[in-house]
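Comments concern the structure below.
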Amino acid sequence: VQLVESGGGLVQAGGSLRLSCAASGSTFSNKSMAWYRQAPGKQRELVAITTSNGGSTIYADSVKGRFTISRDNLKNTMYLQMNSLKPEDTAVYYCFVQIALRAYWGQGTQVTVSS
């Protein structure tokens, strides 16, 4: 199983970024997937979850109304659209999937929001 994130970068506060997570090596269309983030000196935290068909999503309170998680099962890709970014959104963002009780993480993509 391989998860590869992309789309991170440096953006000014109020700006937008779209992260992608390309998945390979297994069947993902029947799995919930998630985005997590980890800021310097802090624990990794859940950002958003999407069910297997994208029909249900859950967001951390800190990103509700600003971030949107989605997926394209034909492309085995998950997305995170991030709008109205704030400096406190600065972190490494990781995609996550659990398969057969084993957790898989991508390598992460850095998002830096300047004030």
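Some observations on this one:
- Residue under evaluation L74, criteria (1) touching a strand residue (DSSP E or B) at 6+ places or on another chain (Cβ under 7 Å); (2) more than 18 Å from G7 (Cα to Cα); (3) surrounded by fewer than 12 Cβ atoms within 10 Å (Cβ to Cβ), criterion not met: (1)
- Single match in P87, P40 (criterion: modelled with pLDDT under 95 and under 18 Å from S114 (Cα atoms)): P40
- Scanning region 5-21 for residues that are within 11 Å of the chain's Cα centre (by Cα) and open to solvent by less than 70 Å² (accessible area, probe 1.4 Å) gives E5, S6, G7, G8, L19, S20, C21.
- Residues of region 65-109 that are assigned to a strand (DSSP E or B) and among the polar types (S, T, N, Q): T68, S70, T77, Q81, Q98, T109.
- Taken over region 29-42, the criterion of being small (G, A, S) and open to solvent by less than 40 Å² (accessible area, probe 1.4 Å) is satisfied by A34, A39.
- Subset of region 1-42 [in a loop (DSSP other than H, G, I, E, B), among the small types (G, A, S) and closer than 13 Å to I99 by Cβ]: G25, S26, S29, S32
- Note on region 91-115: residues that are surrounded by 14 or more Cβ atoms within 10 Å (Cβ to Cβ) and more than 27 Å from V1 (Cα to Cα) total 2.
- When residues of region 43-64 are limited to those that are in contact (Cβ under 8 Å) with a residue 12 or more places away in the chain and assigned to a loop (DSSP other than H, G, I, E, B), the one least open to solvent (accessible area, probe 1.4 Å): V63
The values are calculated or read from the model by the stated rules, or taken from the named source; none is laboratory data. Not measured: the values here are computed from a predicted model. Backbone-built Cβ (ideal geometry, glycine too); neighbour counts: all protein chains shown. These accessible areas exclude ligands, DNA and RNA; they are computed on the full protein's heavy atoms, side chains included. Shrake-Rupley method; radii C 1.70, N 1.55, O 1.52, S 1.80 Å.
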